[in-house]
């Protein structure tokens, strides 16, 4: 067997596969990936931040010595308040501090949210499930673990500052809120995700 025939017909070890079949395997692998909702291009992903650590304090914010979030070291912006992606794309919600993300279906407005409903395990969190299509991690147990100084404090702090990547399959305009009641009501922590067809 000539060297070029060997290379053209060899697939791992002693199994032989014609080069054309190898190319077909690669093409089919790409198609399978596409079936999982892979989207590319400039509108495939967007970033929306909920909360931010302040740099305008005296003394300066020092999370090395005090990682716990509090109203005086964490501000409450949603930045940017409007993002645009295409259907099949993803929004990366960057969460800094004590915030919980909830996303509501196409057409829901901030005034539609029933702020009197509370999560049974976290009374300070809004639990309006009407047309809610996604709700993120509950930050309250993480806060409690930090407050009592458990050995896993650092792990819990890391979980509170996190990214939650949320996939949007269909076109529409989706409301994203922070469910911490005072953040939503007093600080207007909400924004919109516009998903193009």
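The values are calculated or read from the model by the stated rules, or taken from the named source; none is laboratory data. All of these numbers come straight from a predicted model, not from anything done at the bench. Don't worry about glycine lacking a Cβ; one is built from the backbone with ideal geometry, like all the others, and counts go over all protein chains shown.
I need a count of the residues in the stretch 153-188 that are at pLDDT below 95 and touching a helix residue (DSSP H, G or I) at 6+ places or on another chain (Cβ under 7 Å). Count: 5. Flag not set for residue 64, criterion: at pLDDT 50 or above and surrounded by 11 or more Cβ atoms within 10 Å (Cβ to Cβ).
To keep it simple, each residue is scored yes or no on (1) at pLDDT 50 or above; (2) assigned to a loop (DSSP other than H, G, I, E, B).
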| position | (1), (2) |
| --- | --- |
| 29 | no, no |
| 41 | yes, yes |
| 52 | yes, no |
| 58 | yes, yes |
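For the stretch 112-149, residues that are surrounded by fewer than 17 Cβ atoms within 10 Å (Cβ to Cβ), in a loop (DSSP other than H, G, I, E, B) and at pLDDT 95 or above total 7.
The residues on offer are 51, 97, 107, and the sole one that is surrounded by fewer than 14 Cβ atoms within 10 Å (Cβ to Cβ) and within 21 Å of residue 185 (Cα to Cα) is 107. Restricting attention to the stretch 77-111, the residues that are free of Cβ contacts under 8 Å to residues at least 40 places away in the same chain and in a helix (DSSP H, G or I) total 1.
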